[in-house]
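The values are calculated or read from the model by the stated rules, or taken from the named source; none is laboratory data. What you are looking at is a predicted structure, and each value in this text was computed from that prediction instead of being measured. No Cβ is skipped: glycine too gets one built from the backbone with ideal geometry, and neighbour counts run over all protein chains shown.
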Amino acid sequence: MSLGKYFVLALGMFGLAPRMASAQEKAEAPRSEIVWMDDLPGALAVGGRENKPVVVCFVAAWCSACAQFEREALKSAEVNALKDRFIWVKLDVERNMSLVRVYEIRATPRIDLVDPNGKTRVRISGALPSIAFKEHLDLFLAGSLARSSASKDAAMREIDGSNYTPLSDTPAGYRGLAICYSNVGYGPLKLGSQSPFQSLRFGVVPRTPSTLAEGQWDVHVSETWTNAFIYDEGNTLLDYEMLDTRASVGYGVLDELQLELEFENRSAFGGTMDRFINAFHRTLGLTDAGRHNFDRNLFQVQIKDQNGNQAVNLGNADRGSFSNAFLLTVQHNVTCGTEVLPAFSYALSLRAKLSDDLGPNGGLPLEPQLSVAASKAVGDFYFYGSVGFAYFGSQHQGGIKYRPTQLSGLGAAEWRFASSMSLILQYLVTQGVVDSLGAFSTNSHEITLGWKWEFADRTVFEFGLIENLINFSNSPDFGLHAGVMLRF
């Protein structure tokens with residue numbers, strides 16, 4: 001049973017799944033239309049066992065020629081009169097990328113007529129009228145190709161239909177090794193919250209609805225360097241920089257199911273960016289919020305005790321790597337969307353902390369996370385939305401108590417202005433993680449302008465600028481992000 005069927009079964013336990021017809025209702029209902037399978041290996045096995053040929057239809061939700069072919073030919077009385085003579089399979093090209101490569105699909109609809117031995121004998125590229133399509137089915141049934149194993153080496157016939165839709169992107173390059181490429185571009189930058197308290201524990205990193213094709217690998221390495229300066233005289237001083245290092249390896253178990261293992265590390269140090277940021281503020285005539293009153297290149301975190309929370313006082317002796325962890329994620333794609341509806345997926349993660357010197361103590365040995373993601377293409381633009389939820393259990397840092405849960409949300413727009421380049425604007429909001437600590441208990445708001453460039457086949461370089469434009473008291477002042485993504 002596929003993962004999608006388990007999902008529908010689980011919904012049914014809560015009364016949320018569509019009502020399924022009973023066996024009696026199915027028996028009484030007239031079988032007026034073709035019964036489709038979505039499992040090609042299973043269909044070929046049934047065809048061999050029952051000595052029936054197989055009709056394999058490759059279609060796409062955004063393909064107007066496919067919609068016309070399904071509406072006029074596949075639902076016609078002429079074709080449905082042959083419904084019991086074949087095993088019928090319908091495959092969405094975007095959710096079956098491994099088969100798209102094997103069968104060399106370049107346009108939809110594509111119909112393959114396969115004999116009971118599993119050999120493709122007729123290949124029809126494009127939609128045919130119902131009468132013409134039925135004639136080819138009749139010829140296939142009447143010929144020796146469908147019945148005799150002695151003809152297994154006979155040449156395949158190719159037929160061009162009158163109407164077809166070329167694939168929006170051939171199955172090559174970085175995007176071609178994952179499903180849902182028509183509604184998913186290069187995607188947002190893989191970037192978690194860099195805000196002061198949110199960054200002390202690893203929250204949910206937004207994902208895209210696309211998953212790797214079966215058997216494909218993905219490697220992603222990135223560094224995010226941020227500077228934070230927050231000064232409230234007599235109460236708060238945060239003057240530090242942080243480096244967020246990520247390295248992940250993903251594998252396509254199935255076209256719709258991906259596993260990913262990621263290593264995360266965060267380290268804190270002094271203000272190497274201070275000179276540049278001071279010069280930037282002076283050039284634009286902006287206030288530096290008191291930054292000039294403090295020495296450069298220092299690591300300082302001073303928070304006065306307030307509302308029952310104990311004081312925090314960290315200095316240069318606390319520099320260095322302060323937290324690292326492994327994260328295992330399973331992501332399932334639910335749909336690649338249509339011309340109207342978006343692609344959608346969900347992901348389940350477990351994070352195991354290896355060390356946490358400056359961050360909160362306690363909590364769960366394995367931190368569970370859930371995220372859902374959607375994306376939709378409109379012309380040369382892709383729009384993304386993602387919501388994440390993480391549960392950490394009971395955590396504290398000295399006398400500061402952390403909230404056990406954390407929500408985050410991402411909105412992003414990608415403009416694919418060239419075949420191998422995109423500009424990205426993304427906005428990440430993350431729930432405050434502590435109570436009764438002034439601005440640090442509020443949500444963080446982080447805006448990033450990014451650029452992605454596929455400079456080599458299946459290899460993408462990404463770069464981003466992080467800026468605080470909404471909440472100046474609980475966000476990084478400035479940041480740089482760079483990474484490389486490779487698929488093979």
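If you go through segment 361-372 and keep only what is farther than 30 Å from Tyr181 by Cβ and either within 11 Å of the chain's Cα centre (by Cα) or not in a strand (DSSP E or B) (or both), you end up with Gly363, Leu364, Pro365. State all residues of segment 103-140 that are buried (at least 22 other Cβ atoms within 10 Å of the Cβ) and part of a strand (DSSP E or B); if no residue qualifies, say none. Listed by number, the residues that qualify are Thr108, Arg110, Ile111, Leu113, Val114, Val122, Ile124, Ala127.
Can you find even one residue in segment 422-441 that is in the same structural domain as Lys376 (by TED's automatic domain parsing), among the acidic types (Asp, Glu) and closer than 26 Å to Glu367 by Cα?
Yes, segment 422-441 contains a residue that is in the same structural domain as Lys376 (by TED's automatic domain parsing), among the acidic types (Asp, Glu) and closer than 26 Å to Glu367 by Cα.
Conditions (1) surrounded by 18 or more Cβ atoms within 10 Å (Cβ to Cβ); (2) over 23 Å from Arg121 (Cβ atoms); (3) at pLDDT below 90, marked per residue:
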site: Val46; (1), (2), (3): no, no, no
site: Arg49; (1), (2), (3): no, no, no
site: Phe58; (1), (2), (3): yes, no, no
site: Trp62; (1), (2), (3): yes, yes, yes
site: Val79; (1), (2), (3): yes, no, no
site: Asp84; (1), (2), (3): no, no, no
site: Asn96; (1), (2), (3): yes, no, yes
site: Leu99; (1), (2), (3): yes, no, yes
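In summary, strands (runs of 3 or more DSSP E) completely within segment 274-360 and bearing 3 or more residues that are within 20 Å of Phe263 (Cα to Cα) and modelled with pLDDT of 70 or more occur at 320-335, 343-356. Look at segment 175-194: where a residue is within 12 Å of Cys336 (Cα to Cα) and in the same structural domain as Ser420 (by TED's automatic domain parsing) and a partner is assigned to a loop (DSSP other than H, G, I, E, B) and charged (D, E, K, R), sitting 6+ places away or on another chain with Cβ atoms under 7 Å, you get Ile179/Asp255; Ile179/Glu256; Tyr181/Asp169. Of all positions in segment 93-102, at least one carries a residue that is outside any helix (DSSP H, G or I) and either small (Gly, Ala, Ser) or on the phi < 0 side of the Ramachandran plot (or both). Taking first residues from segment 457-481 that are part of a loop (DSSP other than H, G, I, E, B) and partners that are buried (at least 21 other Cβ atoms within 10 Å of the Cβ) and of a type in the set (Val, Ile, Thr), the Cβ contacts under 7 Å between residues at least 6 apart in sequence or on separate chains come to Ser473/Ile230; Pro476/Thr226; Pro476/Ile466.
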